[in-house]
1. So, in Å, what gap is there between the alpha-carbon centers of the range 169-196 and the range 1-74?
2. Only Cα pairs within less than 10 Å get springs; with that Gaussian network setup on the chain, which residue of LYS174, LYS74, LYS230 has the largest fluctuation?
3. Over its Cα atoms, what ratio of radius of gyration to 2.2 N^0.38 Å does the range 198-262 give?
4. HN-Hα J couplings of the range 253-264 from phi, Karplus 6.51/-1.76/1.60, θ = phi - 60°, integer Hz, Gly and Pro as x?
5. Would you mind telling me the antiparallel percentage of the DSSP bridges in the range 7-194, rounded to 5?
6. Would you look at the GNM of the chain, springs on alpha carbons closer than 10 Å, and say which of SER40, SER170, SER120 moves the most?
7. Order these by the 10 Å Cβ neighbour count, fewest first: TRP166, TRP183.
8. Which value at 222 nm does the chain reach when only helices count, each DSSP H run of 4 or more adding -39,500 (n - 2.57), with the total divided by all residues and rounded to the nearest 500 deg cm²/dmol?
Amino acid sequence: MSQVSSPKQQLYELAAHRGLSGNDFLACSSDIAQSLLAESASCSSEQLERLTASDLKMLFRLYDERCFQGLCHKLVAAEGAKLDFRCSTRMTRAGGKTTRRIYPAKAPWHGKREYEITVSSFLLQDNFYAESRPISVCGFVCEHRLHALQRIMEHEIVHLIEMLLWEGSSCAAKRFQGIASRWFQHREFNHQLITPREKALIDHGVRTGSTVQFDHEGRTWVGVVNRISKRATVLVADRRGERYTDGQRYLKFYVPLSALKRVG
């Protein structure tokens, strides 16, 4: 009598040795997109009017069931772990992120694992306007936010699979890229969503290190851009400020990009 493979062995076989042809992937991707829109309580079009964590959970389930026989969910459950989903309005550089937390031995729940897949709802909503450049995610030029979301979720699912099967995961490594290319036809392993950094440079000519001028509380200030996210972090040399590693003291301001004027 042949021995029945464990869920982990089954997922390993699928991830390491199987995949989808180009046509099968396109059909599967389209079917998943239509299923998400049909089932979602918050998104009625490909522009994802109000993306929620429930939508991410549903999208993950559709991929897991249709590509991996529900084995990702089974392995998470077999570990006694949790898998959470989150939409982030604060992630301004990465389109998605998969994390794993293992509680240390001294904790009451030592050894317990928690996984989380996070998608930047901020970046998705801040892209795909009529005047913006083409958006590419994982080597696909995306027509709308749902296409971009699917490519991001596919990328994060590969991270989760690697964590479940091999502990570590790196999208720069050959194993990750092999799984992503066989199953999801990915040819690149990053996104080219328009970030606040790119917008700051294109719209305002401002980048990290630029000297800028801005008005605050009736006074004009001049400082250096230290960081760019939704707003620019500007450091203004001032003896009342906090001392930084260069030995100088600076006041810190968070300034809307539209309020900055480049100096020089």
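1. Here the answer is 17 Å between Cα centres.
2. Evaluated over the chain, the most mobile residue of the options is LYS174.
3. 1.07
4. Result, ordered by residue: 10, 9, 10, x, 4, 5, 8, 8, 10, 5, 10, x Hz.
5. Values: 11 of 18 bridges.
Counting DSSP beta bridges with both partners in the range 7-194, the antiparallel share is about 60 percent.
6. SER170
7. Fewest to most other Cβ atoms nearby, the residues stand as TRP166, TRP183.
8. Working: 8 runs with 100 residues, N = 264.
Dividing the helical sum by the residues of the chain leaves -12000 deg cm²/dmol.
Where a number appears in this text, it was derived from the coordinates with a stated rule and is not lab data. This structure is a prediction, so every number in the text was calculated from the model and none was measured. With ideal geometry, Cβ positions are generated from the backbone for all residues, glycine too; neighbour counts draw on all protein chains shown.
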